[in-house]
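Everything below concerns the one structure shown next.
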Amino acid sequence: MDTTVHLPGLTLKNPIIPASGTFGYGLEFARYGDLRRLGAICVKGLSLKPREGNPMPRIAETPCGMLNSIGLQNVGVDVFLQKKLPFLPPEVPIIANLYAQSPEEFAELAGILGAKERIAALEVNVSCPNVRLGGVQFGQDPEALHTVTRAVVAAAQGKPVIVKLSPNVTDITAMARAAEAAGATMLSLINTLTGMAVDIRTRAPRLATGTGGLSGPAIKPVALRMVHAVCRAVSIPVIGMGGIVSAEDVLEFILVGASAVQVGTASFMRPDRVFSLVDEVQALAEDLGISAWEEFRGTLKETPR
Amino acid sequence: MNTIQLTIQAVTPGPDPSIVDLALAPAPWKPKPGQFVMLRPANFGQELTWGRPFSIYRCDEAGLRVVFQVIGRGTERLAALRPGDAVTVWGPLGRGFQTKPETPTLFLAGGIGLAAFGLFAEEPFRLPHAQLLFGHRLPLTAYPIYHEMAQRIPCEAMRQTSSADIEAFSEELSRRIKALGPEGLVLCCGPTPMLRAVARLCLEHGVPGQVSLENRMGCGVGVCLGCVATTASGERVQTCVHGPVFDVRALTWD
């Protein structure tokens, strides 16, 4: 089959995109697979200045998943542009994930990254649960989300703008509609679910920040439900994510309406996972008799069979 | 690429069943002492998210060997493996120990950290002027690899079962590091309190030292940012790719 995914202003060879924060700046994985085979690469969230992130410990393994509270440690946009981006293979689209603490900062960052020919799209992180300022504070209020989205879209130099939504809201479709109304080109969801792990022997939380973001197979049913709901609520394309580890998982997200997917924690389970998924997804789709994604996408029936 | 599937050749619990020697099929690698591998056996399923990092005790035509202590659900499942079971392995990972053949070198091992020195018992890594001091809590017989290593490296062991023993071990560490002096080199792998004590002694006596950190790891490849250590300049760096072995002067010990 032809696995190509046509998104507004962005064409992917296949629907598999490593998710931000789980794939470094891409180069780390060059020894585990051919980066050029991926649909796109979504790099670690970038801020205007480097960030050291949160204190340790920052990760805790939980059943079928993990909690993290990294706090957006990153090298900053300048180092990324000078020392990382030039070394990524030109054949793979690069999606820059943006983190800022004000609409003005978001616009500045979008202007810098949007002007780079090698950046195919911008993903706006308004859903990180692990930072005090910015992050999810813009993703839990439709008005704030609208403001940030508009600011990024206006500064993005025509590049597609993907707004990454938080599941830590009462009604994710309200947030989706706010982003769409503000001019978002696409949506991606879900970011991590806020969670907690504690140690009864030390009587202390397992993460230095107390709470963190839950990811991995444990969150997949929640993610699927939200992607399904958002796909019905908006008319812009949706990139689904949340606990995807297998080809079946990928097709489930496409079935409920996602145009492409991001794969995150699965890369921690083994570093070559996104690469093997590219082949496995194609093989599974062909087994199911799918010849183009549009035949299958969003064709979920109303009732169980 | 660098993620391979290896079958288990043998799972050998020691006289104390919490210490397990895992022999896997040969890996096509030439690791250096102090480097590690991530193991993910099929029996982790989806329930366990991360692979588990282990020092490479041996890696040659006979196979890849790691020796570990059962401390949680990952190591419990590894200990439950049987010959023929499949394990996904990625490596060799990280930066190992930096040594010079002519330098008098003191290996300081604490508990299962002993396994990190295994490759120094093999060519081409044997050091003519090396000695090993092993601090352990379980009886020495619980560590069959100690006896294996002692045939190739001059080894001494001190057991700690009381706070007086720990005090005596600390004094011995201090005496040895001081006696080694600035022309020597200390390499340490063990529990974090031991690493701290050794780092402090190396800095105090001006003795070059390297420690292998034990930070919990998620991915092992530098991207989850869960294992970071703080450098002397305040930067947070991934233990899995910038370490696990660090020069004691490169880190902050506050």
Which number in (1) in contact with a helix residue (DSSP H, G or I) (Cβ under 8 Å, 6 or more places away or on another chain); (2) polar (S, T, N, Q); (3) part of a strand (DSSP E or B) marks the one condition that B:T7 misses?
(1)
Looking across segment A:1-28 at residues that are surrounded by 24 or more Cβ atoms within 10 Å (Cβ to Cβ), assigned to a loop (DSSP other than H, G, I, E, B) and hydrophobic (A, V, I, L, M, F, W, C), the single one that is nearest to the other protein chains (Cβ to nearest Cβ) is A:F23
Check off (1) touching a Lys or Arg at 6+ places or on another chain (Cβ under 9 Å); (2) under 23 Å from B:F54 (Cα atoms); (3) surrounded by 22 or more Cβ atoms within 10 Å (Cβ to Cβ) for B:V241 and give me the number that stays unchecked.
(3)
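Small (G, A, S), over 16 Å from the mean Cα position of the chain (by Cα), crowded, with 16+ Cβ neighbours inside 10 Å and at pLDDT 95 or above: does that describe B:A121? Walk me through it before giving the result.
On the way: small (G, A, S): yes; over 16 Å from the mean Cα position of the chain (by Cα): no; crowded, with 16+ Cβ neighbours inside 10 Å: yes; at pLDDT 95 or above: yes.
Judged against the criteria, B:A121 is not a match.
Only one residue in A:L81, A:L72, A:L48, A:L67 is in a helix (DSSP H, G or I) and either more than 17 Å from the chain's Cα centre (by Cα) or within 14 Å of chain B (Cβ to nearest Cβ) (or both), so which one is that?
Residue meeting the stated conditions: A:L81.
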Tally, over segment A:113-143, of residues that are in contact (Cβ under 8 Å) with a residue 60 or more places away in the chain and part of a helix (DSSP H, G or I)
1
Selection count where residues are in contact (Cβ under 8 Å) with a residue 40 or more places away in the chain and either at the interface with chain B (Cβ under 10 Å from one of its Cβ atoms) or surrounded by fewer than 24 Cβ atoms within 10 Å (Cβ to Cβ) (or both), scope segment A:29-44:
8
Under 8 Å between Cβ atoms, at least 6 apart or on separate chains: pull out the pairs that start in segment B:82-97 with a residue that is within 18 Å of B:G222 (Cβ to Cβ) and more than 14 Å from every other protein chain (Cβ to nearest Cβ) and end on any residue that is among the small types (G, A, S) and assigned to a loop (DSSP other than H, G, I, E, B).
B:R95/B:G34; B:R95/B:G243; B:G96/B:G34
Quick one: would you say B:L64 is among the aliphatic types (A, V, I, L, M) and assigned to a strand (DSSP E or B)?
yes
In segment A:269-305, residues that are in a loop (DSSP other than H, G, I, E, B), under 30 Å from B:M38 (Cβ atoms) and more than 22 Å from the chain's Cα centre (by Cα) total 0
Where A:G213 falls short, out of the listed (1) within 15 Å of the chain's Cα centre (by Cα); (2) in a helix (DSSP H, G or I); (3) not β-branched (V, I, T)
(2)
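The values are calculated or read from the model by the stated rules, or taken from the named source; none is laboratory data. Nothing here was measured: the structure is a model prediction, and the numbers come from that model. Heads up, the Cβs are rebuilt from the backbone with ideal geometry, glycines too, and the neighbour counts pull from every protein chain shown.
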